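Notes follow the structure.
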Amino acid sequence: MSSWRRTLLGNPVATLLKVLVVLAALDWWVRGPFVDSYVAARYVKPFAILHDRTGGRDLPIFFGALARRSTGVRIAFVGDSTMNAVDGLDTTNIPYLTGEELRARLGRNDLEAIDASEIGLYGGDALLFIDKLLGAGADVVVYGASLRALPRYPVTQYVSRIGSELSPADVLRLARAGGSTWLIDNLTAEQVLSGAVRSSWATYAYRSSLRSWLWEGAAQPLVQQWPALQAALQPAPLQQPVAVAPRLPKAHAYEWSRDDYGGLNANGRALELIGQLCRRYAPGRCVLYAGPVNPLGREALADPGLYEEYLAFLRVLAGRSGLIWRDYSDTMTPADFRPPRYGGLRDPIHLNEAGRAKLAQLLAQPVAEAIGNVTAVGTGTTKRRAQ
């Protein structure tokens, strides 16, 4: 070997360049072939609708799939357990049913409904979801608001990991919409840094899926020879049991009290920012609705006047921000709601399958209005992105 080659191989800069080339090649493989052959085959392709199927633990799978798919007008539905089917079939959730209704009404096959709901989603997390959805190319956003999502003190268990998934472009988009102060107050430097890394380094973002892939393949022969390795190598399952978030013991006579839900807290401020985000990046293409409330036991829903003040807040927000607004609070009967799961005489806000079908029919009209405001859509693919 020549002295020149020995010098090059021993050069730290040359070694670093080789490492970077290998890492770049690995990242290309993860971002493309690995996602197509392994991740999508398990979490996207077998299902009737795009949805996060990791219990909020691995959101890059959902957002990565959204960014890669492009089938005309994409309608993203954001909400909590009042929007999805919880433990029911995908084909009985509100996003899927609304998409079916829209395709039938409008006679269009280029409409894709996306279920971006999460169990227990709070207003602040909904804001970050909508921010990322607009950046990933969602054409229409539908947010099912609930007073339950606006507590002063959110339960940590139901705070999603979306705060650690924002790319620099996502942060900048929200800042441009007037959210700089909210971001500073509600996101840590660690979350911002984590989001920047995840958005640019696919190998890190998909590390849980990579570990599962290795476990299913290369790790199995090793475990058979050395069973002691199993505890160290076996990945935690991505799929989590899905259940309605149980209601916590109440210190008041009402589901929602002024002490816990009154005033404009961080989650309420997030709703204002959703309006500002939609006005700037998706004018006329955001639908805001108040979900149905069970008329049975309605008097125990909230402190006197609190729910009416909440609805008035939503109406003013929608008018000021140009959102398409609907109030479905009083559109259902007690027969349209689930039986109570955690005590009590009724479930105040979760619809059963028949109730979800009714709400989907109601939602089709305002969502169709938002679709009519979508522009710059080419044949089979959306050209416009929120930057």
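Trp28 passes all but one of (1) in a helix (DSSP H, G or I); (2) modelled with pLDDT under 90; (3) more than 22 Å from the chain's Cα centre (by Cα); which number fails?
(2)
Just for region 191-203: of the residues that are polar (S, T, N, Q) and touching a Ser or Thr at 6+ places or on another chain (Cβ under 7 Å), which one is surrounded by the most Cβ atoms within 10 Å (Cβ to Cβ)? Can you show your working first?
To start, the set of residues in region 191-203 that are polar (S, T, N, Q) comprises 191, 194, 199-200, 203.
Restricting the remaining residues to those that are touching a Ser or Thr at 6+ places or on another chain (Cβ under 7 Å) gives 191, 194, 199.
Numbers: Gln191: 19, Ser194: 18, Ser199: 21.
Only one residue fits best here, namely Ser199.
Are there helices (runs of 4 or more DSSP H) fully within region 136-205 with at least 2 residues that are more than 20 Å from Val78 (Cβ to Cβ), touching a residue at least 60 places away in the same chain (Cβ under 8 Å) and among the small types (Gly, Ala, Ser)? List them.
Here the list reads 202-205.
So if I check each of Val35, Val73, which one is touching a residue at least 60 places away in the same chain (Cβ under 8 Å) and closer than 26 Å to Leu351 by Cβ?
After applying the criteria, what remains is Val73.
Please verify whether region 122-138 includes one or more residues that are of a type in the set (Asp, Glu) and buried (at least 24 other Cβ atoms within 10 Å of the Cβ). Lay out the reasoning, then the answer.
Our first condition is that a residue be of a type in the set (Asp, Glu); within region 122-138, this holds for 125, 131.
Keeping just the survivors that are buried (at least 24 other Cβ atoms within 10 Å of the Cβ) gives 125, 131.
Yes, that holds for at least one residue.
Suppose we filter Pro46, Pro60 for residues that are at pLDDT 90 or above and surrounded by fewer than 15 Cβ atoms within 10 Å (Cβ to Cβ); which single one remains?
Pro46
For region 165-190, name all the residues that are charged (D, E, K, R), surrounded by 14 or more Cβ atoms within 10 Å (Cβ to Cβ) and over 18 Å from the mean Cα position of the chain (by Cα).
Arg176
This table checks each residue for (1) assigned to a helix (DSSP H, G or I); (2) surrounded by 15 or more Cβ atoms within 10 Å (Cβ to Cβ); (3) among the hydrophobic types (A, V, I, L, M, F, W, C); (4) without any contact (Cβ under 8 Å) to a residue 60 or more places away in the chain.
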site: Asn294; (1), (2), (3), (4): no, yes, no, yes
site: Glu299; (1), (2), (3), (4): yes, no, no, yes
site: Pro304; (1), (2), (3), (4): no, no, no, yes
site: Tyr307; (1), (2), (3), (4): yes, yes, no, no
site: Tyr310; (1), (2), (3), (4): yes, yes, no, no
site: Phe313; (1), (2), (3), (4): yes, yes, yes, yes
site: Val316; (1), (2), (3), (4): yes, no, yes, yes
site: Gly319; (1), (2), (3), (4): yes, no, no, yes
site: Met332; (1), (2), (3), (4): no, yes, yes, yes
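Suppose we filter Pro60, Pro95 for residues that are within 11 Å of the chain's Cα centre (by Cα) and in a helix (DSSP H, G or I); which single one remains?
None of the other options fit; the residue is Pro60.
Spot the failing condition for Gly284; the list is (1) modelled with pLDDT of 95 or more; (2) more than 29 Å from Arg74 (Cβ to Cβ); (3) of a type outside the set (Ser, Thr, Tyr), and only one is missed.
Exception for Gly284: condition (2).
At pLDDT below 95 and among the hydrophobic types (A, V, I, L, M, F, W, C): does that describe Leu127?
The answer is no for Leu127.
Given the conditions (1) closer than 24 Å to Asn186 by Cα; (2) out of contact with any Lys or Arg (no Cβ under 7 Å at 6 or more places or on another chain); (3) modelled with pLDDT under 95; (4) surrounded by fewer than 20 Cβ atoms within 10 Å (Cβ to Cβ), and given that Gly268 satisfies all but one, which numbered condition is not satisfied?
(4)
The values are calculated or read from the model by the stated rules, or taken from the named source; none is laboratory data. Please read these numbers as outputs of a predicted model, since none were measured by experiment. Quick reminder, even Gly has a Cβ in these numbers, built from the backbone with ideal geometry, and neighbours come from all protein chains shown.
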